[in-house]
1. Out of everything in segment 1-51 that is of a type in the set (S, T, N, Q) and in a helix (DSSP H, G or I), what residue ends up being nearest to residue 135 (Cα to Cα)?
2. Within the bounds of segment 204-223, is there any residue that is under 30 Å from residue 329 (Cβ atoms) and either of a type outside the set (Gly, Ala, Ser) or surrounded by fewer than 16 Cβ atoms within 10 Å (Cβ to Cβ) (or both)?
3. Quick one: which of 234, 210, 267, 216 is in contact with a strand residue (DSSP E or B) (Cβ under 7 Å, 6 or more places away or on another chain) and over 20 Å from residue 194 (Cα atoms)?
4. Residues in segment 203-219 that are acidic (Asp, Glu) and over 12 Å from residue 270 (Cβ atoms): how many?
5. Residue under question is residue 144, and the condition is that it be in the same structural domain as residue 384 (by TED's automatic domain parsing), under 16 Å from the mean Cα position of the chain (by Cα) and of a type in the set (Gly, Ala, Ser); does it hold?
6. Answer yes if at least one residue in segment 132-147 is over 29 Å from residue 20 (Cβ atoms), surrounded by 24 or more Cβ atoms within 10 Å (Cβ to Cβ) and touching a strand residue (DSSP E or B) at 6+ places or on another chain (Cβ under 8 Å), and no otherwise.
7. Which one of 115, 56 is in the same structural domain as residue 172 (by TED's automatic domain parsing), part of a strand (DSSP E or B) and either modelled with pLDDT of 95 or more or buried (at least 17 other Cβ atoms within 10 Å of the Cβ) (or both)?
8. Search segment 133-154 for residues that are closer than 17 Å to residue 390 by Cβ and pair each with any residue that is among the aromatic types (Phe, Trp, Tyr) and assigned to a loop (DSSP other than H, G, I, E, B) when their beta-carbon atoms are under 9 Å apart and the residues are at least 6 apart or on different chains.
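The values are calculated or read from the model by the stated rules, or taken from the named source; none is laboratory data. Please read all numbers here as calculations on a predicted model, not as lab measurements. Heads up, the Cβs are rebuilt from the backbone with ideal geometry, glycines too, and the neighbour counts pull from every protein chain shown.
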Amino acid sequence: MSDASEPDLSRAERGVLDLIDETAIVALTTALVEAPSENPGGTEAAAVDVLEKACLSLGLAVETHEVAPARPNLVATLPAGGGPGLMFLGHSDVVPAGPNWTGDPYRVRNHDGLLIGRGTTDMKGGLASVVVAMSALSRAGDFGVELSGPVRLVCTVDEEEHGIGVRDHVSRPADHEFLGCVVAEPTNMQVVRGCRGASYIEIDVTGRAAHSGRPADGRSAINAAAAIVEIIRADQERLAGSADDLLGYGTWNVGTIAGGQGISVVAPNCSLGIDRRLMPDEDPHAIAEQLRKTIRDRQIDTDGITVDVRVTMEMPGFATAADHPLVTTAVGAVTDAGAATSVGGWSAACDGGFVSRDLGIPSIVLGPGNINTEAHQPDESVAVADLVTAAKAYALAGLRMLGRP
């Protein structure tokens, strides 16, 4: 008699899951981490070369597109059927290693089933899990199942900084339809069906210098900037009053301020660097324009003060309906792969917003590792067991969305 807790899997699902190779996942994760791709630095080429060779060795069709010198996006496709496919999305860059590691951040250590190295969690382990899942799906026919559409991995550069990789990808003419996109960022295998977006708004205020003994002769850019900060503070209070159940509300953060010429001089300049987190329906350019209008209405930019407001980075948010087949299929796939899961939202941002907004592909975020406790810190790590679970969940999701007898 079978254990009542065992998932009810089809013959094809059991066959494909048996092909998930832990050794292959560990080997590819290790090779990717040991090809450093720090950003800033523009060094993704070595890691993409490792990924390209791995995909080619498994029989996937691979294309690369150089977005900037030595910064190539990669698109790997498992061709199948003529119907809509399933997309996986990841990135090849990692944040700088930084100090306080207990070993070389670019030599992977396996400590009791925990892979330690920069990028193991965010997100080279996730990439390896996707590739091994695609390899297993390529043999679905051995178990009497054909895929009705292709399975594709899109790996972009520059996700950690300005998103030039995903911008390049979504600007290219679409060559296929997709039922959904799974962003393999570390969510601890929770199904994230919505993310806030992010934007940077930079403000330069120009005044007029004067001797501090006669401040009325000048126009203080710092005073004007302080008035703008107060506008932002008040707007944050307004936003907090209308929270969304899934994603909360948009947030302002004045992250940097710099200005002035000297203590005895009326400040002729001041600059603000602002992070504005976005709800899925918000446009940072419209937000910046509203800020400009409020500055004009308050007459901050008059009488010798000029203010320049510009958006220097944007990453859109997204939300996919809770009952969308991508969401429900992912929940079942994770559960049947042996992990507990839930459905929710993320306050962080990711490249999935571009895929959702610009390509119209429903998206979720689902991946191994914990972005809060493991990523972007010394001794970044991911459990091998979590990588295997992710690969199994990805393979099950692919079979259930695309599999046909």
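1. Per the stated criteria, the residue is 23.
2. Checked segment 204-223: no residue is under 30 Å from residue 329 (Cβ atoms) and either of a type outside the set (Gly, Ala, Ser) or surrounded by fewer than 16 Cβ atoms within 10 Å (Cβ to Cβ) (or both).
3. Result: 267 is the single residue among 234, 210, 267, 216 that is in contact with a strand residue (DSSP E or B) (Cβ under 7 Å, 6 or more places away or on another chain) and over 20 Å from residue 194 (Cα atoms).
4. Number satisfying all stated conditions: 1.
5. So residue 144 does not fit the description; no.
6. No, segment 132-147 has no match at all.
7. 115
8. Note: no pairs meet the criteria.
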